[in-house]
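*Asks:* Attaching a single structure in structure tokens format; questions to follow.
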Amino acid sequence: MDKPTHLIEFETMLVGRHSHLFDPRARGASGRLDRSAYVLLSRIEIDGPLSIGQLSEAFGLDASTLNRQTAAMLKAGVVERIPDPDGGIARKFSITAEGRRRLDADRAANVHGLERVLEKWTPEEVADFAAYLRRFNSDIERLEGRPWPRPRP
């Protein structure tokens, strides 16, 4: 643990361990989206309807994995398959009203949990932490060649 990168590795491992403090899904709360549905819906929310091929490219996952995940999401009623709005052949996945409701509810619960964790931080510390996290994630995305779109303010 003599290098800062060793400390970062250790602390990021602990973030995963402590995620239950700010992520209700980690506690198995009923009615919550599972992690893959939460992430997929978040991407569709930003990009709009996406095909399996587009999701595969965005996430670096094979189509069979995404077919299983989207099948579960269809069954749960959080997405629907629609014709390509741009006139393409592939059908796309779009968020349903139920999917939007559940995504918004989960996000609000996550933000509330994070606010509890960060309640003793100054607004400047929170903003600095957010900026470092964005930079960290953006650099990972750059190395993977798969940038993640950010929500519009």
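The values are calculated or read from the model by the stated rules, or taken from the named source; none is laboratory data. For clarity, every value in this text was computed on a predicted model and none was experimentally measured. Note: ideal-geometry Cβ built from the backbone for every residue, glycine included; neighbour counts use all protein chains shown. Side chains included, ligands, DNA and RNA excluded: accessible areas come from the protein's heavy atoms. Shrake-Rupley method; radii C 1.70, N 1.55, O 1.52, S 1.80 Å.
*Asks:* Consider region 44-57. How many of its residues are surrounded by fewer than 18 Cβ atoms within 10 Å (Cβ to Cβ), farther than 18 Å from residue 87 by Cβ and not polar (S, T, N, Q)?
*Replies:* 3
*Asks:* Within region 138-147, which residues are within 19 Å of residue 41 (Cα to Cα) and open to solvent by less than 70 Å² (accessible area, probe 1.4 Å)?
*Replies:* Passing the criteria: only 141.
*Asks:* Take the residues of region 54-73 that are of a type outside the set (Asp, Glu) and not in a helix (DSSP H, G or I): which is nearest to residue 148 (Cα to Cα)?
*Replies:* Of everything passing the filter in region 54-73, 60 is nearest to residue 148 (Cα to Cα).
*Asks:* Mind checking which residues of region 74-112 are part of a loop (DSSP other than H, G, I, E, B), out of contact with any strand residue (DSSP E or B) (no Cβ under 6 Å at 6 or more places or on another chain) and either open to solvent by less than 20 Å² (accessible area, probe 1.4 Å) or of a type in the set (S, T, N, Q) (or both)?
*Replies:* The answer is 78, and nothing else.
*Asks:* Please verify whether residue 40 is open to solvent by less than 70 Å² (accessible area, probe 1.4 Å), under 29 Å from residue 11 (Cα atoms) and not in a helix (DSSP H, G or I), treating the condition exactly as stated.
*Replies:* no
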